[in-house]
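Inspection log for the structure reproduced underneath, given as structure tokens.
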Amino acid sequence: LRQHPDLIKHHAGSTARNYLALGSGYYESVQSGAPDVPDSIVAHLKEHDLLTTTSNRNLFVNPLACQAIATGHVAIEANGWNIRSARAPEYFGAAPRALHAKFVFSSNERSGSNNCSSPWIYLGSGNLTNPGFKQKAGAIGNLEAGIIIAPTNLKWGEDRDSDPASIVTNLLPIHWDDRS
């Protein structure tokens, strides 16, 4: 987490974005208490002027196995999060899929525009838990790997000019039309 601001600024620029999506197949367990990694990510991005104060924040989860997110959803939503079920892109067909990906995606969205501007994405092996994402490898933290990339020419949805390979919902297991 501490490495992200410099890497984001290097690869995607220092623009403050107004959209944030987090996805993980696993969050903190109920025994660990309320999950703090999502709010830590927000605080860290805001501290480095990479996320706006009024950002649209979304947590994508496995609805049947979202650990403390499920039991603490009222408090999490009170902190400004939308909790949503992950959705596999349609080209996977009808086969049921559980979210295994771990990602942090941020961009700017503007009403009336299909352009996904100033995007960046972190893709990595670590679940969005303290040992998987916040703590460095050692006695407590896991040894994880991840990358930050800045994709270009992304669209929020299909339009007459869009390439299916450029549509956010075809690239990530995210959507906006229902909640978990």
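Report the extension gain between Asn115 and Lys136 in nm, rounded to one decimal, defined as 0.36 nm multiplied by the number of residues separating them, less their alpha carbon distance. Let's see the in-between values first.
Values: separation 21, 0.36 × 21 = 7.56 nm, distance 3.56 nm.
Length difference between fully extended and current span is 4.0 nm.
Label positions at Glu144 and Ser14, each projected 7 Å from the Cα along the C-beta direction, are separated by 2.7 nm.
Projected label points at Arg160 and Asp36, each 7 Å from Cα along the beta carbon direction, are separated by 5.3 nanometres.
Rule-based calculations on the coordinates, nothing more; no lab input. It should be emphasised that the depicted structure is a prediction, and the values quoted were computed from it without experimental measurement. For neighbour counting, all protein chains shown are included, and Cβ atoms are generated from backbone atoms with ideal geometry for every residue, glycine included.
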